[in-house]
1. With +1 assigned to the C-beta of every Lys and Arg and -1 to the C-beta of every Asp and Glu, and no other charges, what is the dipole magnitude of region 216-342 about the Cα centre in debye, to the nearest 20?
2. Roughly speaking, what is the centre-to-centre gap between region 8-25 and region 118-187 when only Cα atoms are used, to the nearest Å?
3. What ranking do 37-45, 77-85 get when scored by the average of other Cβ atoms within 10 Å per residue, highest first?
4. Give me the percent of accessible area attributable to carbon and sulfur for region 197-300, probe 1.4 angstrom.
5. Could you point to the label whose value was computed as Cα extents along the principal axes in Å for the structure here, given (i) 74, 40, 35; (ii) 68, 42, 36; (iii) 59, 52, 44?
6. Hey, which of these cross-link pairs are over 21 Å Cα-Cα: LYS179/LYS216; LYS221/LYS299; LYS2/LYS67; LYS192/LYS231; LYS45/LYS67; LYS3/LYS67?
7. Considering only protein heavy atoms, what per residue accessible area in square angstrom results for the chain with a 1.4 angstrom probe?
8. With contacts defined as alpha carbon pairs under 8 Å and 6 or more residues apart, what's the relative contact order of region 158-256 in percent?
Amino acid sequence: MKKIAIVTDAWRPQINGVVTTLERTVADLEGFGYRVSTITPDLFKSFRCPTYPEIALAAAGAGTLRKQLLAINPHCVHIATEGPLGWAARKVCLGAGFSFTTSYHTRFPEYVRMRWPVPLSLSYSIVRRFHSAAARTMVATSTLKSELENRGFANTVLWSRGVDTALFTPQSGGSGDGKPMFIYVGRVAVEKNIEAFLRLDLPGRKVVVGDGPARKRLAEKYREVEFTGYKQGKELAALFASADVFVFPSLTDTFGVVLLEAMASGVPVAAYPVTGPVETVVNGVNGYLDDDLRRAALKALELPAGPCRQCALKYTWESCSRQFVNNLSIHDTEMFERRAQG
């Protein structure tokens, strides 16, 4: 049985698309017959991420990661994030001469720039250096792949995303009051450009599902908007299904699993024509993309549920997980322990 080690700084109790993707991937890999071990922040002492206290960052160096990987002795290592665990695992694998793969989930250069005056050229040079050592770097869309290649990233390959179409499904009843319901689901943080949604003059109700460092400020500023906090499972599925339009104001997401969750629920999407939405939203079919987000939301309000659902059915977690496996750098005979001791 092949053993896979996945190192990630993003893990439970965080609630986001990266964690959802990794959890589903781990479950599928185990179903395929692999033995999967995850190295995550909850295994170590941690500290709170500056400006984002709900995220715990592991205080672990290369020596600690080496012990962890020796105990697992994997056939392959996948480093999912560029945080402290990711950098430590990268150092260990390079020292052992053990090839590994990475994935690019988050636009950290842009996120950092929104908080501190750090030049994008500097941030991207650091992130590019991190991924340049990998045998392959997995990215979610062809648009992002081209963008990163233009920034000098090498060996990029596609790893798409999926949706649980059994959980996220159309339901009867709608919002219950006859008024249109426009919903946003995701982190409530500056990088999500959420105020572009909150400022819109739209009929009916606006609902924000999620939490984050900007929630308190935005809830006080936009008192007419309902902020529910985090929701998961059937509660989240019910909120999606009760909406009339899912509004996705982000300009920086690399994919947006929530887009698929909305479509699977029969809810059309309104978004900007940027990386992520351009891969999944077809104007007039399952939503509208427009530089005028209000116009996109109002036009999406006219779309039926059926085509949205049909578009989502094309994205299965199983196919994504098989794509992940095909991208891995698997050592058939020389496992980590042999390389590290060698």
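The values are calculated or read from the model by the stated rules, or taken from the named source; none is laboratory data. Just so you know, these numbers come straight off a predicted model, no measurement behind them. Every residue, glycine as well, gets a Cβ built from its backbone with ideal geometry; the counts of neighbours run over all protein chains shown. SASA here: full protein model, heavy atoms, side chains in, ligands and nucleic acids out. Shrake-Rupley method; radii C 1.70, N 1.55, O 1.52, S 1.80 Å.
1. That gives region 216-342 a dipole magnitude of about 200 debye.
2. Centre-to-centre (Cα) distance: 13 Å.
3. For the peptides 37-45, 77-85, the packing ranking is 77-85, 37-45.
4. After summing per-atom areas, the C and S share lands at 45 percent.
5. (ii)
6. The answer is LYS179/LYS216; LYS221/LYS299.
7. Accessible area per residue, the chain: 43 Å².
8. Normalised by residue count, the contact order of region 158-256 is 39 percent.
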